[in-house]
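Participant: Let me give you the structure first, and then I'll get to my questions.
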Amino acid sequence: MSKRQALSSWRKLQTLAQTKKTQHMNDLFAEDNQRFKKFSIELPSMLLDYSKNLIDSETLTALLQLAEQTQVCQWREKMFRGDKINQTEDRAVLHTALRRDHQQPLIVDGENISEHVQAQLEKMEAFVNTVREGHWLGYSGKRITDIVNIGVGGSNLGPQMVTEGLKHYSDNSVNVHYVSNVDGAQIVEILRPLDPEKVLFIVSSKTFTTTETMTNAKTAINWLTAASFDQKSVAKHFVAVTANKDNAMSFGIKAENIFDMWDWVGGRFSLWSAIGLPIALDLGFEQFKALLAGAQAMDEHFLEAPLAENMPVIMALLSVWNTTFLGAQSQAILPYDQTLHMLTAYLQQAEMESNGKSVTWHGDEVDYATVPSIWGELGINGQHAFYQYLHQSNNIVPADFIGSVASVTPVKGHHETLMANFFAQTQALMSGVNEQQVRADLKAKGRTADYIDKVAPHKVHKGNRPTNTILLNQIDPETLGGLIALYEQKIFVQGIVLQICSFDQWGVELGKGLAASIQQELENADCENQHDSSTQNLIKYYKTHKSA
Ligand code: F6P
C-alpha cells in the first residue's frame, strides 16, 4: 500500500466512494436547497459552480483533509519561493515569478530572478513597440506586416490559444501566424501569401534542439534568403526565444534579438515569458500586461484563500475524487465561447504532460488511478457530435463547462441561444430523465403503447454525470489570464495530492530518440536498423512505395 493510501482521509474517501456511487445528485439537490451556495466560489471575474458533482459536505470535508494531509499548502509555499520541486530535473518551478510584482526580489541559486524577468519584460516591450509602430524594417527597408511564430508544444499552444482567445482585442497592427507541425504542408500554406520583405519570424524553443522547430526554422531561412539573396537578411527577419542562446546564434540570429527563457520555466507554463511575444505583438504590450495581471490575481487567490474557498484547490480535489475514487477515466473540457476554441488542446498538454505519469516522486509505482485523459471541443459543436456519449454511454465523463456572461462580439439573439444550451446541458447531464417520465411524456404526446414499449428504454437518461460550470464575466486579457492560471494551479495541486512529479516530461523522450534513428533509415536506402516485425515492415513498405 502506498503512503497516500495509508492516509486516514484517503481511506475515508475510499469508503465514501462506495456509498456515494449509489446516490443520485437529484436526491442530493432535493435534500439540500443550499447546495449551490455551499458548493460554489465567486471571484471578481468568474464563478465556479461545482454543486453538480457527486459530493456532499462529508465528502468535501474528507477531500479538504486530504489536501491538508498531503501538505498542499507547504508545497505551494515551496513552489512560490523557488524550491527545486521539479525533483527529477532538479529545477525550481517559477512560472509564477513571471507575473508577480517584480519590485519584490526573488532569489534563486543566489540570483534575484525578479531583475531578470523585469529586464526581459522591458526588452519585450521595446521590441513589440518597435515592430508594431513600423520602425522594425526588413532587409529591403519595408515595415513588418506579418509575424510567423515557429514552435511546438508549450512554445506554440499557449501563445496560439491566447491569440485566438483575444482576437477581438487585436488592432491588426500585424498579422500573427503559427507554424508548429513539421509536415511541410503547414509552413508552405502559411508562407505562400506572405511577402518575405515584410515577415518577421520568431523561433520559439526553450531547448533550441526540437527537431520539428529546427526543421521549420531552416525552411523559413531558406524561404527568406531565396528572396533576399543575402544570408545576412536573417538578422533582420528572425528573433528567437530560448534558454540555448548558442544554438540560436548558430542559425544567424543576432544575440540582441534573442529573448531569454530560464530552466525554472517549464515549456507548457511559459506563455507568460517571452514565449508570449506573438501575443504581445498582436495585442500590444498593455494587453499582455493585463494577461499577466489576471494570472497574478489568480495566484494571489490561490495563495491566500482558505482551502475550502480556493478555486484551484477545489477543482483539483474534484478531479481526484472523480478519477481516483469514483473511477472516471477521462475529463471533458467544453468551452462555450468560440474564442476559447483552442483551450482543450492547450489543457491537454498542460494536464496530461504534467500529470500523465505512473510513478510517485520517490519512483514507486502508483497503485491508484491518477489523471484522466483530457478531451473535448467547443460545446455547441460537441453537442452535435459526441454529447450523445456524455449523456447515455456507460462511461461517466466529468466535464468542465466554460462560458461567459457577456459576449465580446454581441450579435442579436446569438448569445442567449448559446448560453441556453450551456445551462441546459449541465442540468440534463445531472438530472437525466427516468423511464417513468419518458413513458408519461410519450403518452401525453399520444403515442401508442407498442411504440412506448419499444422506444422508452432508448430515451432514458440516467443523469448523475458530474460537471463544473465556470462562468466568466467576459473574455478579456485579465479574465483569460486568470482562467489559465486557475488550471495551472489546479494541475499543481493534483500533482501534489497524487504524488506525481508534474514538471518533467520523460515520457516524450523515448519516441523522440527512436524517430531520430528511424529518420536516418528513411533518408538512406542502405540503412536498416533492428525493429519489431511490425515497425520493420511498415518502414520497408514506406521505402519501397516511395522509391516506386
Ligand atoms: O517534447 C515535448 C516538449 O519538450 C514539451 O514539453 C515542450 O513544450 C515542447 O516539447 C517544445 O520544446 P522546446 O520549447 O524546447 O522546443
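Participant: Would it be correct to say that residue 352 is under 18 Å from the mean Cα position of the chain (by Cα), within 16 Å of the ligand (Cβ to nearest atom) and free of Cβ contacts under 8 Å to residues at least 24 places away in the same chain?
Facilitator: It is true that residue 352 is under 18 Å from the mean Cα position of the chain (by Cα), within 16 Å of the ligand (Cβ to nearest atom) and free of Cβ contacts under 8 Å to residues at least 24 places away in the same chain.
Participant: Being assigned to a helix (DSSP H, G or I) and in contact (Cβ under 8 Å) with a residue 12 or more places away in the chain is the filter here; which residues of segment 33-45 pass it?
Facilitator: Across segment 33-45, the qualifying residues are 35, 36, 38.
Participant: Further question: Within segment 237-252, work out how many residues are buried (at least 21 other Cβ atoms within 10 Å of the Cβ) and either aromatic (Phe, Trp, Tyr) or assigned to a helix (DSSP H, G or I) (or both).
Facilitator: Of the residues in segment 237-252, 3 are buried (at least 21 other Cβ atoms within 10 Å of the Cβ) and either aromatic (Phe, Trp, Tyr) or assigned to a helix (DSSP H, G or I) (or both).
Participant: Residues to consider are 495, 507, 463; find the one that is surrounded by 11 or more Cβ atoms within 10 Å (Cβ to Cβ), part of a loop (DSSP other than H, G, I, E, B) and not hydrophobic (A, V, I, L, M, F, W, C).
Facilitator: 463
Participant: Somewhere in segment 256-271, is a residue in contact with a strand residue (DSSP E or B) (Cβ under 7 Å, 6 or more places away or on another chain), over 18 Å from residue 130 (Cβ atoms) and without any contact (Cβ under 8 Å) to a residue 40 or more places away in the chain?
Facilitator: no
Participant: If you don't mind, another one. Within the set of pairs 6+ apart or on separate chains, which have a first residue in segment 136-157 that is on the phi > 0 side of the Ramachandran plot and open to solvent by 10 Å² or more (accessible area, probe 1.4 Å), a second that is assigned to a strand (DSSP E or B) and within 16 Å of the ligand (Cβ to nearest atom), and C-beta atoms under 8 Å apart?
Facilitator: none
Participant: Out of (1) open to solvent by less than 10 Å² (accessible area, probe 1.4 Å); (2) within 14 Å of the ligand (Cβ to nearest atom), what's the single condition that is false for residue 212?
Facilitator: (1)
Participant: Conditions first: (1) in contact (Cβ under 8 Å) with a residue 12 or more places away in the chain; (2) farther than 30 Å from residue 76 by Cα; (3) open to solvent by 10 Å² or more (accessible area, probe 1.4 Å). Residue 521 passes all but one, so which condition is the exception?
Facilitator: Residue 521 satisfies every listed condition except (3).
Residue by residue, here is whether (1) within 24 Å of residue 8 (Cα to Cα); (2) β-branched (Val, Ile, Thr) holds:
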residue: 58; (1), (2): yes, no
residue: 73; (1), (2): yes, no
residue: 83; (1), (2): no, no
residue: 87; (1), (2): no, no
residue: 97; (1), (2): no, no
residue: 100; (1), (2): no, no
residue: 113; (1), (2): no, yes
residue: 118; (1), (2): no, no
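Participant: For the subset of segment 259-292 comprising residues that are in contact with an Asp or Glu (Cβ under 6 Å, 6 or more places away or on another chain) and more than 18 Å from residue 347 (Cα to Cα), which member is farthest from the ligand (Cβ to nearest atom)?
Facilitator: Taking the candidates together, the pick is 290.
Participant: On to the next question. Which of the helices (runs of 4 or more DSSP H) found entirely inside segment 88-193 contain at least 2 residues meeting this: under 20 Å from residue 291 (Cα atoms)?
Facilitator: Counting at least 2 such residues, we get 113-132, 157-165.
Participant: Which condition number does residue 456 fail, the rest of (1) open to solvent by less than 10 Å² (accessible area, probe 1.4 Å); (2) of a type in the set (A, V, I, L, M, F, W, C); (3) under 35 Å from the mean Cα position of the chain (by Cα); (4) away from the ligand (no atom under 16 Å from the Cβ) being met?
Facilitator: (3)
Participant: I'd like to verify a number: residues in segment 46-87 that are assigned to a loop (DSSP other than H, G, I, E, B), polar (S, T, N, Q) and open to solvent by 40 Å² or more (accessible area, probe 1.4 Å), how many?
Facilitator: The number of residues fulfilling the criteria is 1.
The values are calculated or read from the model by the stated rules, or taken from the named source; none is laboratory data. What you see is a predicted model; the values in this text were computed from it and never measured. When we count neighbours, we look across all protein chains shown, and the Cβ atoms used for this are built from the backbone with ideal geometry, even at glycine. In case anyone asks, the SASA skips ligands and DNA or RNA and just uses the protein heavy atoms, side chains included. Shrake-Rupley method; radii C 1.70, N 1.55, O 1.52, S 1.80 Å.
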